[in-house]
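S.K.: The following block contains the structure, expressed as structure tokens.
The values are calculated or read from the model by the stated rules, or taken from the named source; none is laboratory data. A quick note: this is a predicted structure, and the numbers were derived from the prediction, not measured. Here Cβ is always computed from backbone atoms with ideal geometry, including for glycine, and neighbour counts include all displayed protein chains. In case anyone asks, the SASA skips ligands and DNA or RNA and just uses the protein heavy atoms, side chains included. Shrake-Rupley method; radii C 1.70, N 1.55, O 1.52, S 1.80 Å.
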Amino acid sequence: MKLYSLSVCTKARPKAVLLKAAYDVSSFSFFQRSSVQEFMTFTSQLIVERSAKGSRASVKEQEYLCHVYVEYPSRVAFTLLEREADPMSKVQAELDETKIILHNTMESLLERGEKLDDLVSKSEVLGTQSKAFYKTARKQNSCCAVM
């Protein structure tokens, strides 16, 4: 599960106000990012406006899932504003770091694979050339031995 947005809103009249938000829209194309981020902001405010105080809700749209908890405990909310205490954010950050390391490892393996392919092709060429040299040397030596 990928975390795309983390928003903290206050439920004010007549509409919810976004206090703090963090987005990860890197998996979307460059031209879609601003629209996706705007949509996430709008959706989070709309869900907060339509949810009753003290309620929890989950809204699913296609493969995306939005969780809302109205009247979140203030200690957790303030810590979320600093982006340190949310276990999902920590897990997502660790996963992103692992993904980067894995990507770099795969790139180095592919580079090594390309180098190995070059060595194999060079060894095949050398093998072919050595066979040709052997045949030529044998022909020349057989002529000399008869005389």
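S.K.: For semi-axes √(5λ) of the Cα gyration tensor in Å, which listed value, [x] 68, 15, 11; [y] 24, 17, 15; [z] 29, 21, 14, comes from the coordinates shown?
M.R.: Comparing each candidate, only [x] matches the computed number.
S.K.: Multiplying the sequence separation of L102 and L19 by 0.36 nm and subtracting their Cα-Cα distance, what value in nm do you get?
M.R.: Taking L102 through L19 to full extension adds about 26.4 nm, to one decimal.
S.K.: Let me ask something else about it. Sum up the charges of everything whose Cβ sits under 15 Å from the Cβ of N104, counting Lys and Arg as +1 and Asp and Glu as -1, but leave N104 out.
M.R.: Once positives and negatives cancel, what remains is -2.
S.K.: Related question: Using a 10 Å Cβ count of at most 13 others and DSSP loop calls, identify the longest part of the chain lacking such trypsin sites (Lys or Arg not before Pro). Each step should come with its number before you reach the end.
M.R.: On the way: sites that count: K2, K15, K53, R83.
Maximal segment without exposed cleavage sites: 84-147.
S.K.: How large, in percent, is the carbon and sulfur part of the accessible surface of the chain at a probe radius of 1.4 Å?
M.R.: 59 percent
S.K.: What number, in percent, do you get for the relative contact order of the chain if the mean sequence gap of Cα pairs under 8 Å and at least 6 apart is divided by its residue count?
M.R.: Across the chain, relative contact order equals 14 percent.
S.K.: Same structure again: For the chain, with only Lys/Arg (+1) and Asp/Glu (-1) charged at the beta-carbon, what is the dipole magnitude about the Cα centre, in debye rounded to 20? If you can, show how the numbers build up before the last one.
M.R.: Values: 21 positive and 18 negative charges, 47 e Å.
In total the dipole reaches around 220 debye.
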